[in-house]
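Only one structure is covered here, and it is reproduced in the block below.
The values are calculated or read from the model by the stated rules, or taken from the named source; none is laboratory data. Just so we're clear, the structure is a prediction, and the values are computed from it rather than from any experiment. Quick reminder, even Gly has a Cβ in these numbers, built from the backbone with ideal geometry, and neighbours come from all protein chains shown.
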Amino acid sequence: MNELEGRTALISGAASGIGRASALLFARHGASVAVADFNPAAGPAVAAQIESEGGRAIFVPVDVSRAAECRQAVEQTVTAFGRLDILFNNAGIIHRATVIDESEEEWDRVISVNLKSVFLLSKYAIPVMAVGGGGTIINTGSGWGLVGGRKAASYCASKGAVVLLTKAMALDHASQNIRVNCICPGDTDTPMLRHEAEQLGRPMDTFLAEAAQRPLGRIGTPEDMARAALFLASQASSFVTGTTLVVDGGGLAG
């Protein structure tokens, strides 16, 4: 049960959805967790829940699109726990629009949160990991980082870039004993998925029913994705780097 005993994880977007589920799961498997998020209410609640269960956690407020705040998030994690072994670049947003309908500001925001954040947090985490003897980085991509989707131009662009950035980083940092992998979730029951229905003006029940139309007959749960992330964070995947793990109930299989 303690695959991550003695290790420290920094998880972005950890106040809700996949990030929250991963923070709780990683802590239950022995990790000390830095709960990094922009939400000043929900983030501390996640850290408090971890501590109430006997784990170790801190809340790290961060705007992942800003270099200084990403550097500070890494520094706060190391100050609190003395090391950094796992970085889960999970923060993400979506804006459902074509390139015609999307403003430059909307485009920039999606790219900054979904892609630039991976660059920034990794930039400051990797030197710390290298000094500590290595580590593992997990990036959240998407099924729409592998195939296109309608009315999601900036999201698809950002997630496709995350997939290839993962591979590039895996090559660059393997000699430092740092593994870099990517999970690509299918539709997952998170606040972001429900926000998509609102953006598209779709009835929630209809939208979720359509999202469940995949071989396993359901949408994913945050816990499904957290378990995939745990595999990539643990020594069970010690010979895995540069890979993209699709976790989508078979949605892309056909």
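If you filter segment 48-65 down to residues that are within 17 Å of the chain's Cα centre (by Cα) and of a type outside the set (Asp, Glu), you find that the one that is surrounded by the fewest Cβ atoms within 10 Å (Cβ to Cβ) is 61. Could you please find all residues in segment 119-157 being under 19 Å from residue 13 (Cα atoms), in contact with a Leu (Cβ under 6 Å, 6 or more places away or on another chain) and free of Cβ contacts under 8 Å to residues at least 60 places away in the same chain? Passing the criteria: only 137.
Residues are listed down the side, and each one gets a yes or a no for (1) basic (Lys, Arg); (2) at pLDDT 95 or above; (3) touching a Pro at 6+ places or on another chain (Cβ under 9 Å); (4) closer than 27 Å to residue 186 by Cα:
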site: 5; (1), (2), (3), (4): no, yes, no, no
site: 45; (1), (2), (3), (4): no, yes, no, yes
site: 66; (1), (2), (3), (4): yes, yes, no, no
site: 71; (1), (2), (3), (4): yes, yes, no, no
site: 79; (1), (2), (3), (4): no, yes, no, no
site: 95; (1), (2), (3), (4): no, yes, no, yes
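Scanning segment 158-211 for residues that are free of Cβ contacts under 8 Å to residues at least 24 places away in the same chain, over 21 Å from residue 110 (Cβ atoms) and not hydroxyl-bearing (Ser, Thr, Tyr) gives 172, 203, 204, 205, 208, 209, 210. Counting only helices (runs of 4 or more DSSP H) that sit wholly inside segment 55-146, those with at least 2 residues that are in contact with a strand residue (DSSP E or B) (Cβ under 8 Å, 6 or more places away or on another chain) and over 15 Å from residue 38 (Cβ atoms) are 67-81, 117-131. Of the numbered criteria (1) modelled with pLDDT of 95 or more; (2) out of contact with any Gly (no Cβ under 7 Å at 6 or more places or on another chain); (3) not charged (D, E, K, R), the one residue 11 fails is (2).
Residues that are touching a Lys or Arg at 6+ places or on another chain (Cβ under 6 Å) and closer than 23 Å to residue 16 by Cβ: does segment 173-195 have at least one?
Scanning segment 173-195, I find no residue that is touching a Lys or Arg at 6+ places or on another chain (Cβ under 6 Å) and closer than 23 Å to residue 16 by Cβ, so the answer is no.
When the test is whether a residue is among the aliphatic types (A, V, I, L, M) and part of a strand (DSSP E or B), residue 180 passes it.
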